[in-house]
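> Have a look at the structure that comes next, please.
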Amino acid sequence: MEDKEPLISIATELELRNTDSGPGELRKKIESRISDLIANDLNRLTLLLYRLDVNEKKLAAALEQNRGSDAAIIITDLVIERQLQKAITRKQDHGFRRDENIPDDEKW
């Protein structure tokens, strides 16, 4: 099962309440909200995917390869995958200090 932190981040972006549920239940709530956006507010879904930095080409390819499948599940998978990638990158960059070898008089 997924790490809950990325799910909570996505739920927050989707303005979902009650993120205290387990990862499986939270994922279902995200899928349901994305399904609702597909049906009722495609523009908002597009903006969300842009804000979350979901790769447009990857999304198009996934939807094309899985024609007939539930688009909400495919989109949810890609959104979670992207949030996990960002979390890994943040953890890797956390220990890296960009300015540790720069003299004080040359720092911005």
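> Using the count of nearby Cβ atoms within 10 Å as a rough guide to exposure, how do Arg82, Arg51 rank from fewest to most?
Fewest-to-most ranking of Arg82, Arg51: Arg51, Arg82.
> Still on this structure, I have one more. Counting other C-beta atoms within 10 Å, and keeping those with at most 11, which DSSP coil GluC sites (Glu not before Pro) do you find in region 1-59?
Here the sparse-neighbourhood loop sites are Glu15.
> Determine, from the Cβ-Cβ distance of Ala39 and Thr12 and an R0 of 22 Å, the FRET efficiency 1/(1 + (r/R0)^6), rounded to the nearest 0.05.
Calculated value: 0.50.
> Can you tally the net charge around Asp41? Count Lys and Arg as +1, Asp and Glu as -1, for every other residue whose Cβ sits under 13 Å from the Cβ of Asp41.
Around Asp41, the charge tally is 0.
> Would you work out the charge dipole size for region 1-96 about its Cα centre, treating the Cβ of every Lys and Arg as +1 and the Cβ of every Asp and Glu as -1, and quote it to the nearest 20 debye?
120
> Give the order of Lys86, Lys57, Lys29 when sorted by the count of other beta carbons within 10 angstrom, beginning with the fewest.
Lys57, Lys86, Lys29
> Quick one: order Ser69, Ser9, Ser32 by neighbouring beta-carbon count within 10 Å, fewest to most.
Taking fewest neighbouring Cβ atoms as first place, the list is Ser69, Ser32, Ser9.
> Kirkwood Rh, region 4-93, all Cα pairs: how many Å?
Here the Kirkwood hydrodynamic radius works out to 13.4 Å.
> Further, regarding this structure: Count the net charge of all other residues whose Cβ sits under 12 Å from the Cβ of Leu59, scoring Lys and Arg as +1 and Asp and Glu as -1.
Every neighbour counted, the sum reads -2.
> Just want to confirm a number: the relative contact order over region 4-93, from Cα pairs under 8 angstrom separated by 6+ residues, in percent.
Averaging sequence separation for qualifying contacts and normalising by length gives 35 percent for region 4-93.
> In whole Å, what is the distance between the alpha-carbon centres of region 42-89 and region 1-41?
If we compute the Cα centre of each part, the gap is 13 Å.
No value in this document is a laboratory result; all are computed from the given coordinates. Keep in mind the model is a prediction, meaning the values are calculated, not measured. Quick reminder, even Gly has a Cβ in these numbers, built from the backbone with ideal geometry, and neighbours come from all protein chains shown.
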